Amino acid sequence: MMADALPKVAGKLTPNAPLAPLVWFKSGGAAEWLFEPKDLADLQRFLRDLDPKVPVMALGLGSNLIVRDGGVPGVVVRLGKTFAKVSKSADLTLDCGGGASGILVSSTARDNGIAGLEFLRSIPGTVGGFVRMNGGAYGGEVKDILVDCDVVLRDGSLVTLPVADLHYTYRHSELPDGAIVVAARFKGRPGVPADIQAEMDRISASREASQPLRSKTGGSTFKNPPGHKAWQLVDEAGCRGLILGGAQVSEKHTNFLLNLGEATSTDIEALGEEVRRRVKDKSGVELEWEIQRVGKK
C-alpha cells in the first residue's frame, strides 16, 4: 500500500514499522503502517478517508499480544499522550483516555477516594485494551466498573456505547472489528485513599510473588476453563519449564510463556500450541488462548 493511497494526517504515519519493541514479548514482525494520531479528530478523519478494505488494528501496551513474524498488514493505530489522560468527571466516576495505563487509572481513583478500581493496578495494559478484553484480575473485572465508552468505528464515526452494548463475557466483548476505544468512564465506590493504597500494595506484592514480571512475557496465556485453573492444568500436563526454540513455559507461573532472549513469535506460538496439545491429552480440557495472536505467520 503506497503512501499516496493513504489519507493525510496531522499525527505520525510510519511505513514498515517494527512492532517487536512495542510489545512485551519483544518479538514479531512490522506493521505495514503505524499511525499515531495527533488527536481524536485526526483519528476520525483518517479512518473515514481510508479505503474500507484496509484492515485496522489498535495497539495498546502490547502486553497480551503475539505479533506474528510475518508482520501486520494494513494499519496499526497506537494512541499516544493525548489519549492518556485521566480525570474525575462525576461522583465516583473517572473519565479515562483509551491510551491511559491501569496504573494511572488506579492511582487517580485513589487520589479521589474512589475504591473498586484497585485491580487495574495489576493489569499491564491500557484502557482501550481493558475495555475490549473485559480485563480482570484479583476479583475485579471491567464489566463491574465500566459505565460507557467512546469508540471510533472503522468508518470514522464516534459512538458512545453503554456497558450493556458490549455483551461482556469472560475476557471477551462484542466490540466491532476495527473499532478503537478512545475513552471510557469507570465508576467505583467511596473509599479512603490510605485503604485503597493498601489494597493496591497487596495486589502488587501478590503479583510480584507469583508472576515472572522481570521477563519478556505476554501475561496470562490461556483463559481459565470453567471449573479449572489454566496454570494447574498446564502444570499437571508436565509443562512447567518446557522449552521450544527460544521460548519457555515459566517455572514461576505456568500460565505464562517467556521469551528467553532470541525467541521468534513462531517459537512462542508453537510452544503455546504444544502446551494445549499436552493438556488436552492429559485432562481432556481444550485450553483457549487468552493472548491475542495477530498478523501473518
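Structure above, values below:
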read-out: Complete set of residues in the stretch 71-100 that are in contact with a Ser or Thr (Cβ under 9 Å, 6 or more places away or on another chain) and farther than 18 Å from Thr126 by Cβ; value: Lys88
read-out: Filter result for Ser106 (outside the structural domain of Val182 (by TED's automatic domain parsing) and either over 20 Å from Val159 (Cα atoms) or outside any strand (DSSP E or B) (or both)); value: no
read-out: Helices (runs of 4 or more DSSP H) completely within the stretch 180-297 that count 3 or more residues being assigned by TED's automatic domain parsing to the domain that holds Thr169, more than 20 Å from the chain's Cα centre (by Cα) and in contact (Cβ under 8 Å) with a residue 60 or more places away in the chain; value: 193-210
read-out: Glu208, sole failed condition from (1) surrounded by fewer than 16 Cβ atoms within 10 Å (Cβ to Cβ); (2) on the phi > 0 side of the Ramachandran plot; (3) at pLDDT below 95; (4) not hydrophobic (A, V, I, L, M, F, W, C); value: (2)
read-out: Output for the stretch 141-164, where each listed residue is on the phi < 0 side of the Ramachandran plot, out of contact with any strand residue (DSSP E or B) (no Cβ under 7 Å at 6 or more places or on another chain) and in contact (Cβ under 8 Å) with a residue 12 or more places away in the chain; value: Glu141, Lys143, Asp144, Asp155, Ser157
read-out: Residue check for Gly98: under 25 Å from Ala209 (Cβ atoms), in contact (Cβ under 8 Å) with a residue 24 or more places away in the chain and surrounded by 22 or more Cβ atoms within 10 Å (Cβ to Cβ); value: no
read-out: Any hit, the stretch 102-120, residues being buried (at least 22 other Cβ atoms within 10 Å of the Cβ), small (Gly, Ala, Ser) and in contact with a Lys or Arg (Cβ under 8 Å, 6 or more places away or on another chain); value: yes
read-out: Residue in the stretch 22-33 that is under 18 Å from Ala100 (Cα atoms), outside the structural domain of Pro124 (by TED's automatic domain parsing), among the polar types (S, T, N, Q) and surrounded by 19 or more Cβ atoms within 10 Å (Cβ to Cβ) present; value: no
read-out: Selection within the stretch 138-175 - of a type in the set (D, E, K, R) and outside any helix (DSSP H, G or I); value: Glu141, Asp148, Asp150, Arg154, Asp155, Arg171, Glu174
read-out: Criterion violated by Asn255 - all others in (1) over 30 Å from Pro73 (Cα atoms); (2) crowded, with 16+ Cβ neighbours inside 10 Å satisfied; value: (1)
read-out: Checklist (1) at negative phi; (2) in contact with a helix residue (DSSP H, G or I) (Cβ under 7 Å, 6 or more places away or on another chain) applied to Gly113, failing item; value: (1)
read-out: Test for Val76: is it closer than 30 Å to Leu260 by Cβ and touching a Leu at 6+ places or on another chain (Cβ under 6 Å); value: yes
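The values are calculated or read from the model by the stated rules, or taken from the named source; none is laboratory data. The structure presented is a predicted model; accordingly, all values stated were derived computationally and were not measured. Quick reminder, even Gly has a Cβ in these numbers, built from the backbone with ideal geometry, and neighbours come from all protein chains shown.
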